[in-house]
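Please read the structure below before turning to the comments.
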Amino acid sequence: MSTHRIALPGVVTPSRLPSCKDCLSGEGLDFDFTMAFQPFVQAGETRVFGYEALVRGMNGESAAEILAKVNDTNRYRFDQACRVRAIKCASELDLEGVLSINFLPNAIYRPETCIRATLEAARELDFDPHRLMFEVTEGEQVTDHAHLRRIFAEYKVQGFRTAIDDFGAGYAGLNLLAEFQPDFIKLDMALTRNIDTDPVRRAIVAGIVATCNALGLGIIAEGVETAAEYTHLRSFGIKLFQGYLFARPAFRALPQVSQEGFALLAG
């Protein structure tokens with residue numbers, strides 16, 4: 001990996017860029033972590049569409065506890081290690097379908113270079129890189145939108161899917177789609193929660209769905225907890241879902257979709 005440093009606004013450039021082997025081993029971090037997994041399910045299907053890898057501590061500590069240890073000094077290494085750790089855990093669990101990994105756009109100094117460790121890990125673990133999806137959370141404030149466009153463009157070149165996580169609850173909302181178009185947006189639970197009893201949420205989601213349909217973007221509804229929420233979201237034409245109604249995250253394991261969840265998907 002090149003050691004040439006490129007300064008970008010809002011992007012952390014490490015003083016010594018780790019080698020790909022450093023990224024594969026997680027060397028350089030003073031804390032350890034692992035992954036939990038939560039499935040995405042698809043209406044009309046009895047199989048799981050894919051899983052999101054969620055950061056956890058080695059003893060099951062929450063993502064918030066781990067992310068609190070991330071700073072400007074270790075952000076790059078942590079972001080790289082997350083990708084590698086997620087692929088490694090997924091390979092060990094024989095994960096089928098899409099593997100979705102959250103990434104920190106402010107940790108990526110040059111997308112075509114920073115993706116090397118991900119591809120190397122996929123090769124070493126015999127994991128098809130075309131099954132990877134990368135999510136950027138809308139709550140991750142991005143000061144350089146042109147840089148994020150470059151990241152998404154490079155990921156498309158590599159054949160990765162891309163998604164904006166927590167859509168509707170972060171910094172940009174629909175304005176973000178004017179800058180770049182991912183493959184998917186993930187509707188935040190702030191919009192999906194109690195949508196069956198809230199006409200305001202229904203109106204907002206209807207507008208988002210119409211926009212995504214016009215742009216050819218897929219939608220994943222997050223945080224779905226009740227059959228009524230699922231039914232109303234499905235009525236908008238949404239096909240992909242994630243939430244406790246179907247399965248809670250499982251620590252270092254692939255959770256089974258609930259019988260109720262599968263019955264609703266098949267209905």
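The values are calculated or read from the model by the stated rules, or taken from the named source; none is laboratory data. Everything numeric here is computed off the predicted structure, so don't read it as measured data. FYI the Cβ positions are ideal-geometry reconstructions off the backbone, even for glycines, and counts take in every protein chain you see.
Values for this structure:
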item	result
Tabulated pairs, the stretch 118-131, first touching a residue at least 60 places away in the same chain (Cβ under 8 Å), second of a type outside the set (V, I, T) and not in a helix (DSSP H, G or I), C-beta under 8 angstrom, 6+ apart or interchain	A121/F127; R131/G50; R131/G97; R131/L99
Complete set of residues in the stretch 48-65 that are surrounded by 14 or more Cβ atoms within 10 Å (Cβ to Cβ) and of a type in the set (S, T, Y)	Y51
Selection count, the stretch 213-251, where residues are part of a loop (DSSP other than H, G, I, E, B) and over 20 Å from E135 (Cα atoms)	6
Subset of the stretch 16-46 (residues that are under 30 Å from Y230 (Cα atoms) and at pLDDT 90 or above)	M35, A36, F37, Q38, P39, F40, V41, Q42, A43, G44
Top-ranked residue of the stretch 66-94 - restricted to ones that are among the small types (G, A, S) and in a helix (DSSP H, G or I), ranked as surrounded by the most Cβ atoms within 10 Å (Cβ to Cβ)	A86
Selection status of F33, under 30 Å from I238 (Cα atoms) and of a type outside the set (D, E, K, R)	no
Some residue of the stretch 157-172 being of a type outside the set (A, V, I, L, M), surrounded by fewer than 16 Cβ atoms within 10 Å (Cβ to Cβ) and more than 18 Å from the chain's Cα centre (by Cα)	no
Selection count where residues are farther than 22 Å from R85 by Cα and without any contact (Cβ under 8 Å) to a residue 12 or more places away in the chain, scope the stretch 236-267	3
Unique match (being basic (K, R) and buried (at least 17 other Cβ atoms within 10 Å of the Cβ)) among R193, R248	R193
Filter result for A206 (over 20 Å from F49 (Cα atoms), surrounded by fewer than 17 Cβ atoms within 10 Å (Cβ to Cβ) and touching a helix residue (DSSP H, G or I) at 6+ places or on another chain (Cβ under 6 Å))	no
